[in-house]
Structure formats: C-alpha cells, structure tokens
Amino acid sequence: MPPGGEAVVRTGFRFVSLLLASLSLLTTTSLAADEFRSPSLTALRVDWRAALDQLRTEINSRPQVAGDFIFAPRRSVPRYDPRAIPALVQLNGVSSQFFTGIARSAVPVLLPFDAAAYLEAQRSGAPQSLPLSRYQADFNPVDLFDAGPAGYSASFSFEPGAGDGMPSRVFARAVEVQITGSALVYDIADPTGGKGEPVKPLAATYPDLRRFIREGYVRYAFTRFGVAYVVSIQCLDSVAKPRRLACKEAYPVAERFLKALRVAGGQRMRPLMDVASSVLDRPAGRSADFSYRPSGDIIPNTGYRKQGGHPDAMAYAQIRFPLEKAPAFVRSQSYGKRDRSDGPTAYPWRDNFCESRSFEVWQCAGGYGHQGEDIRAADCPPPGEGRAPCDPKQRAVVAVRDAIVIRSARDQAATLEVNSRTEHIRFRYMHMNPQTMNADGLVSGRIVTEGEKIGVVSNYLDHPAGTSMHLHFDVQLFTRDGWIWVSPYITLVSAYERLIRARGREVGPEIAGTPQPVAHALPDDVIKPDLREGASGEEN
C-alpha cells in the first residue's frame, strides 16, 4: 500500500458517511430558515511509525551522527508507546533552537531543515557563524512557526538570486513560501476542491502530489504519514511583471522547497476526534433593534458580472465580535450608495462577501468576490450631558480568539491563527495602519487573548485615508487544498448576538438557493484545474 494509503481508505469510508449525513440535511424541515450550524471537521490519523522510518533513513544518510539517535526495535515496545520514538524527542531538542515549540505539533513537522547535516557540521567543527540557510536549501531562517494540537504552519523566504540552478530572473523581492501540515481538515461543500495536476519530477517522492493555482496562490498538496500538507506561494497567474511573481516563476522555488523537506520534529499525542456539525445555541431574547438581511443577499448587480451572492448559514467559529463595542454595522463600503437603506451605520446588516473584486472566492458566482465583510463602527453621538467623550478614530478592534499573530512589519493586514484540538482556522483584519501595528508589536509570533485590543478601526489601504473608516474581516479554513476563504457573514451575526446578548431578526427577501450542506471537500477523482486566477491579498 502506498504511503498514506491506509488513511486514504479510512477517509473514503468517512467521505461516504459524511455525504449521507449531508443528504439528510437537505431533507430536514424541522430547522427554522434562520438557524445557524457549526462546521464539521475530519480528524486524520497520524502514522508516527512511518514518520520514524523516514527519520531513520534521513539520519542514517549521515553516518557520523547516526549513532547519536536511538531507534528502538519495533517488537521491543508496543507500537504506540512513546518510548518507541525517542529519536523524535532527540530531534525536537535540536530543532527547537530554530523552531520554537516544535514539540507541540501533533503531526510530524516537515521543514526544509536538514538536522543531520547541521549536526554533522557541528561535529566536524564548522564555524558557528555559518548561516542557517546552508542547511535549509538556501531558504532564510523561518519567518513564522506555529505548532499546536492540530498541526503546524511555517513561512520561509527565498532571497532574489539565491540558490544554484534557479531561473535567471532576479525577483524584485524575496519569495515567501508557506507550509501547513494538519490532522484536522474542514468538510466544506467545495466543488473545486481536490483538483490539480501531478508533478512528474516529484512523483517518486510524493505519489499523490497535486499542483494547482487557487485564490492567488500556487499550491502543492500531498498526504504523508496520514497528514494533509500544503505548500503555497502567492503569485500572479499571468506573465511576469516587474514587481509581481508569476505563478510559473514560483514553480521552481516551491519544488526546491519540496525537495528539501525533512522530518524536523513533532510529538505523538492523543489522537484527535472528528468534529460533527450541530445547530448553534443562540440568545433566547430578541433584540429590539438588531436586524440583518439573509446571507447571500448582496446589493443587486454588485457581484461579479452582476451575479448574486451565495447563501451560507454556517457559523464557522464561535468568536468574540471583532469590534469592542456595539452598535456596529456589516455594510458595503464600495457600493453603499446603491443600498436603499439608511446608510453605512444603520440596521439591517447586509452581506458583502460576494461583491465584485479581482480576488478568487470559490463560494461566489463566477469565482470572484470580496473575500470578507466590511464592518463600520457606529457614528459618535452628538455631545450631551452624561455622555462619555467619543473619538471616531479610536474605535477599538479586538482579538476574536486566543491566537498567534501572523504579520510581517510591512503588511497592512494582521491574521490571527487558532490551532487547537477542534479547530484550525484563521481570521484576517485589514485597514489598520502598519506603522501603528508595528509600534504596538502586532507582528508574527505575538500571542493575543480573546477580547484584547489589537488596534482601532482605520482607513489605511496602501496609504492613510486610502479607503473609508471600516474594518475588513475575513475567515480562512484549512482544507486539503490549504487555507481557503469562506463567508464570515453568519459567523459575525452569531458573534454580534452574543455581544449584545440578544437574538437578531432576519429581514428581507428569501434568496434563491439553499444553504450549502456539510460535505467532504476532496472527491475521489483528481482532474486538472482551471488556471484562471485573480490577484489576492488586498481589498478595495
């Protein structure tokens, strides 16, 4: 059986059961039209024995250090006894110098770090001043590393002109390569999920490797040790431009990264459990004020090629609302003048996830949309007796969860990643001023707690006053295709109800179509992708 084959068989049975459950949802009439559901997730079973076998092969390729690692015979201890993998414990001790917390990963960590070569060089008396890139196939020291019960994420950069045998063009800036390995994958009704083309030069090493371009990234997805891994590089699916990396130019960088991957650490933990979808509890009392239009009900003719939105009754996470105080308003900031309601700071809320943009979004008609929701804080009330002073430029933005920050100093977007036994999810905030975030230390690696102030509602888009005063907020889930944007509209409605401790009222016309059922994202067949791609990462 090929690597990961046993896990694929188990996944096939799980797919059938999930599909049957999904079909039953379509025939269920007992739920009210405005009820919200939580997502379901599949927990993959990690084959630590296969990881140990690969590590043994890698270590034994360096005879000078091979004897330093202890590989217990299989028959001497039970298969899942932690004493069967002391070599991984030893490896974590070496790798943790460069990848803090690597032992927290519940999946084998694959990174472009040759620990055996590093140890051999140290044994040979190599100068301590040698750059780490020497042992990382010319990739720089890690920019971000986060490990936890669901798996790990890491980001590396590759300098312009680095690496023998690379294409002759010198990139305008360093190329960022991301990798995530996860034992939790979200089950979403994704018609484009699982597509891709094989990469023949790497087929012997990665038999199920798929390459595809999606949501502004070229992605390489594969299964190893029963775990889902995705390597990705942000790129432009077009001809090369002076300051934009073409996806075809990203191929050799990504494939260099894949060839350099080694087992760098991780630790066996209690297996994760599948997470079933359920109907969410909501406040019993009704709000006298809060109302919202249905999911998918965008302003007419504002979608890609004037198409409509996408109904989605899923609350993808139970979060704290991202603005500190109510009232707040989910409303369009690009097409607000076309809305017949009372303006950008008024109820009812209106979905703007599928408004026309150049960003690829799988849930939206035609494949393009906004990627997230625009949120406005309330206007300051007029001065009056007993009212506290109100500064419209100091409306606090808060962390929706306990999470780790993903953000480089030049980015105008800050992402929070949650990595737990029941979730592997990201939340992105946009339009806060980068200089202010830098001054506040809101950069990669910082840990924030739910409700902690992380900024203020601002109007930054490439420069101050580049957009209206609002927060763009979006959600990404980890699937077998990597990190995928999903509609955060109902997630925000649910969070706002908890903030105001009252249930909102859905108003407006019913949207043609049915909220998507829970279904597995990966079909059995693998076909070539549609390589059309919109730019990703910035919002108008």
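Computed from the coordinates by the stated procedures, all read-outs in this text should not be read as laboratory data. As the structure is a prediction and not an experimental result, all values here were calculated from the model. So basically every Cβ, Gly included, is an ideal-geometry build from the backbone, and we count neighbours across all protein chains shown.
Between N301 and Q97, the C-beta separation translates, for a Förster distance of 41 Å, into a calculated FRET efficiency of about 0.15. For R243, project a label point 7 Å along Cα to C-beta. Then give me every residue of the stretch 394-438 with its amide nitrogen under 20 Å of that point. Residues 408-414, 431-436 qualify, since their backbone N sits under 20 Å from the label point.
At R0 = 60 Å, how high is the FRET efficiency between R498 and S168 if r is their beta carbon distance? Nearest 0.05 is fine. Working shown, then result.
Numbers: r = 55 Å, r/R0 = 0.92.
Efficiency, rounded to the nearest 0.05: 0.60.
Shown here for the stretch 342-428: trypsin sites (Lys or Arg not before Pro) in loop regions (DSSP other than H, G, I, E, B) with at most 13 other Cβ atoms within 10 Å, namely R387, K393, R410. For the residue pairs K325/K393; K200/K241; K195/K306; K393/K453; K200/K259; K195/K241, the C-alpha atoms sit more than 23 angstrom apart in K200/K241; K195/K306; K195/K241.
Using the crude model of +1 on Lys and Arg Cβ and -1 on Asp and Glu Cβ, and no other charge, please compute the dipole size for the stretch 44-265 relative to its Cα centre, in debye to 20.
280
Simple spin-label estimate for D289 and M273 gives 4.1 nm between the two label positions (7 Å along the Cα-to-Cβ direction from each Cα). If R0 is taken as 22 Å, the Cβ-Cβ distance between S358 and H463 corresponds to a FRET efficiency of 0.70. Stretched out straight at 0.36 nm per residue, the stretch from E35 to D379 would grow longer than its current Cα-Cα span by 120.8 nm.
Sites listed here are trypsin sites (Lys or Arg not before Pro) in the stretch 291-342 whose DSSP assignment is loop and whose Cβ has at most 13 other Cβ atoms within 10 Å: K325, R340. Along the Cα-to-C-beta direction of A66, a point sits 7 Å from the Cα; which residues of the stretch 225-266 have their amide N less than 18 Å from that point? Label zone hits: 263. Sorted largest first, the spans of the alpha carbon positions of the stretch 44-265 along the three principal axes are 56, 49, 30 Å.
With a cut-off of at most 11 other beta carbons within 10 Å, and DSSP calling the residue loop, which trypsin sites (Lys or Arg not before Pro) in the stretch 218-287 qualify? Please list them. Qualifying residues, ordered by number: R243. Between D281 and Q128, full extension at 0.36 nm per residue minus the direct alpha carbon distance yields a gain of 49.4 nm.
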